[in-house]
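Take a look at the structure below.
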Amino acid sequence: MNLEGAAPALLAALAIGLLIGVERGWQRREAEEGTRIAGVRTYALLGLLGGVIGVLWQEAGVAVFVVALLAVTAVVVTAYALHTAEEGDSGITSAVAGVLTFVLGGLAGFGHPDIAAAAAVAMVVLLGLKPELHNWLRRITRDELQAAFTLLLLSVVFLPILPDAEFGPWDAWNPRQIWMLVVLVAGLSFAGYIAVRLVGATRGLLVTGAFGGLASSTALTLNFARLARGRPELQAVLSAGLVLGCTTMFARMAVLLSVVNPSLLPKIAPPLLAMSATGLLGAAILAWRVRATSHRETHLPNPIELKAALGFGLLLALILLLTAALEAWFGDAGLLTLAAISGLADVDAILVSLARLAAADTAADVAVTGMIVAAAANSLSKAALASGIGGVAMAARVAPVLTGMAVAGITALVLV
């Protein structure tokens, strides 16, 4: 390769080294001259050296790059050891950054400057987030960390090994598809939980209620109803937050449906919008002239537990089997009966089951009807929960709105 052909790659490698050097230099800008492992110039030279070796790699083979990488690593490790002995600073971030600068420069020199540049930008962003990352680690709880690891276990370990084929009575089960939906529901719950943690009760119980409904509207209903019984001065805002959380369930349904069977979205949109509008209007009326100033944290349970995920998977498998059986035995009437019963406890499982059947051989109208029936039944069951736990005052506020949501959904379904 001649100089004209190598020049862009070498310039990219040099730019990568300068970018990383500027970030490292800014982080250590208060350090005295000569007390840093490497400065802006050193990182720029490491990037350029990597670019030169990358160009030679194309001509002489990978052995050139391997030898150079070992040599650079040895130099960086030696400099790190001397620096640690003199300054007592045991952080290895700058040393690792130096080696990675050389590697990215080599990648650019080898003919992949776009990949190298993208990696360098991601690297400097990560390096610059040190205070935020450390603060986040101090705030995270063991349950939240375990929930994140469990989500990775469900999606990265379990999902790929499950067979992607139908089996069982009426071919009702596809293990990989069932588990993919378990992962999806768990991911939505985790996203809602994190949103609650980020917003916190300091932003108001209304916002917490909206995000908490994304995690679990049933859990939020139980939580807010218990708080209302113990804090009568907050019953108005807790009622508004509870209604908002229950309204968020319809957005959750739309997200699930967009993944499982998006062709049903146009049909189900009018009833979902009617229920959402009723819920938002009711929450606005309940929150009128109420200022959510409480800083009391609202506790939501760990959103992802392996036992709970397995339980949801079994529930989903059971409902898939029941929907297939009832459709075969009793037709549409059987499906709607199951939707109403299932919706009393959980909407996600029956929604997924009906969406899969509609993608196969069930009429779309029947599937959408079943979903709205399940959502209406769920709203009524949460009205009963809130009334029974929260007391008469909460029942008077919440029950009419949740009942109105159910009526609005069924009415819109009939009209449209």
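Throughout, read-outs are computed from the coordinates displayed, never taken from laboratory work. Nothing here was measured: the structure is a model prediction, and the numbers come from that model. Ideal geometry is used to build each Cβ from the backbone, glycine not excepted, and the neighbour counts take in all protein chains shown.
Points worth noting:
- Here the peptides 367-379, 58-70, 117-129 are ranked by packing, the mean other Cβ count within 10 Å, and the order with the highest first is 367-379, 117-129, 58-70.
- For segment 150-161, putting each phi into the Karplus relation 6.51 cos²θ - 1.76 cosθ + 1.60 with θ = phi - 60° gives couplings of 5, 4, 5, 4, 5, 8, 8, 9, 6, 4, x, 8 Hz, in residue order, rounded to whole numbers and with x for Gly and Pro.
- Charged neighbours of Ser381, selected by a Cβ distance under 15 Å, balance to -1 (K, R count +1; D, E count -1).
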